[in-house]
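In what follows, a single structure is set out as structure tokens and then discussed.
The values are calculated or read from the model by the stated rules, or taken from the named source; none is laboratory data. Fair warning: this is a prediction, and the values are worked out from it, not measured in the lab. With ideal geometry, Cβ positions are generated from the backbone for all residues, glycine too; neighbour counts draw on all protein chains shown. In case anyone asks, the SASA skips ligands and DNA or RNA and just uses the protein heavy atoms, side chains included. Shrake-Rupley method; radii C 1.70, N 1.55, O 1.52, S 1.80 Å.
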Amino acid sequence: MNPPTPPSPNAPPPTPSDALPGAAPAVEAVAQMREQISRVVIGQREVIDQVLAALLAGGHVLLEGVPGVGKTLLALALARTFGGGFKRMQFTADLMPSDVTGHSIYRTDIGEFRIRRGPVFCHLFLADEINRAPAKTQAALLEAMQEQQVSIEGHSLALEQPFMVLATQNPLEHEGTYPLPEAQLDRFLLKVNVDYPGAEDELAIVRQVTAGRVGDRLEVDAVQPVVGPQDIMALQRATGALLVDDRVLDYAVRLVRRSRTWTGLRQGTGPRGAIALVRTARAFAILAGREFVLPDDVKRAVAPVLRHRVAVSPELEMSGQTPDHVLAALVEDVEAPRQ
């Protein structure tokens with residue numbers, strides 16, 4: 001089925017529907033979102049799929065990559081596909097928790113305290129270089145990410161739905177940074193590595209960005225909204241209802257349990273890792289155009305789901321082995337169920 005013609009640039013966002021029942025409409029809607037994002041984010045197909053998978057699973061993403069590989073552009077394009085509110089915040093060493101969540105302010109004109117909401121009150125929040133902020137500011141996102149709410153002066157304020165955090169960090173610069181603690185890393189459903197594009201893709205990027213433009217402003221005008229925020233919530237419900245055979249569930253659990261005894265890892269992952277594997281595998285099935293989950297969906301989810309939940313042993317780390325290398329060997333060792 002061919003996707004419908006995108007609306008014109010001046011057309012209003014589509015009216016959100018009450019529901020997108022079943023997996024078939026979800027498959028079509030996600031394919032349209034992927035196509036729209038790919039118009040401006042070139043050469044990062046797997047990265048786009050992983051971020052879309054996190055959105056479908058109702059999770060958050062930690063993006064790691066050097067500057068200039070399109071992390072902010074990806075977030076902008078994603079928000080535009082569903083007409084979601086987008087806020088970007090540069091995390092720095094002097095950033096306070098209230099700068100993120102908001103604070104109470106005394107209004108002299110009315111003689112009362114009123115709550116001023118911070119930038120986290122949006123659909124898609126981009127925490128740029130999150131590891132440059134101190135621990136207390138990083139922790140300000142914990143409640144928002146886990147409970148979908150923010151507490152200010154004893155008041156619990158619900159966040160807009162759907163709500164997603166995209167946090168970025170630079171793997172090359174560590175001076176003046178505050179590494180995320182394990183408790184906060186575990187709140188991210190996926191850790192997505194954004195690498196350099198291939199030669200042909202990089203040529204296409206340079207051609208697109210320099211064609212008749214002045215400056216380096218991020219342009220997402222080519223991206224059209226194809227669904228609304230309420231539709232995203234319906235897509236999440238459809239993803240969560242996707243059929244997962246007990247053998248596939250058992251496979252995800254065996255992979256996680258094996259990580260706790262694997263000689264190449266000094267730290268395995270807990271039950272939340274298995275839960276995240278299943279949630280992400282469901283989303284990958286939708287992205288693949290299927291209404292059921294295969295063991296291959298679980299395998300595809302292993303690296304982005306577990307790479308930030310495990311720790312490589314010092315011996316392998318000194319030899320240049322990364323979590324991805326070790327996890328690939330672990331997957332080869334654990335037998336997958338036969339279809």
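Key figures for this structure:
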| read-out | value |
| --- | --- |
| Signed unit charges on C-beta, dipole axis of the range 181-339, positive-most listed residue VAL227, LEU185, ALA329 | LEU185 |
| For GLY240, net neighbour charge (Lys/Arg +1, Asp/Glu -1) across residues whose Cβ lies under 9 Å away | +3 |
| Cα gyration tensor, the chain - rounded (a/c under 1.5), prolate or oblate | rounded |
| Peptides ranked, highest mean first, by Cβ atoms within 10 Å: ranges 194-200, 51-57, 248-254 | 51-57, 248-254, 194-200 |
| Rounded percent of accessible protein surface that carbon and sulfur make up, the range 104-196, 1.4 Å probe | 47 percent |
| Net charge contributed by nearby residues that have their C-beta within less than 12 Å of VAL331 (K/R +1, D/E -1) | -1 |
| Extension gain, THR177 back to ALA158 (0.36 nm per residue minus Cα-Cα distance, nm) | 3.8 nm |
| Residue-averaged 222 nm ellipticity for the chain, from DSSP H runs of 4+ at -39500 (n - 2.57), nearest 500 | -13000 deg cm²/dmol |
| Overall dimensions of the range 92-238 as given by Cα atoms, namely Rg and Dmax in Å | 19.1, 62 |
| Shape category assigned to the range 63-139 from the gyration tensor of Cα positions, a/c cut at 1.5 | oblate |
| Whole-percent carbon and sulfur share, accessible surface of the range 291-339, 1.4 Å | 51 percent |
| The chain, accessible area per residue, ligands and nucleic acids excluded (1.4 Å, Å²) | 49 Å² |
| R0 of 25 Å, Cβ-Cβ distance GLN90-GLU200: FRET efficiency to nearest 0.05 | 0.20 |
| Rounded Å value of the spacing that divides the Cα centres of the range 21-90 and the range 132-199 | 17 Å |
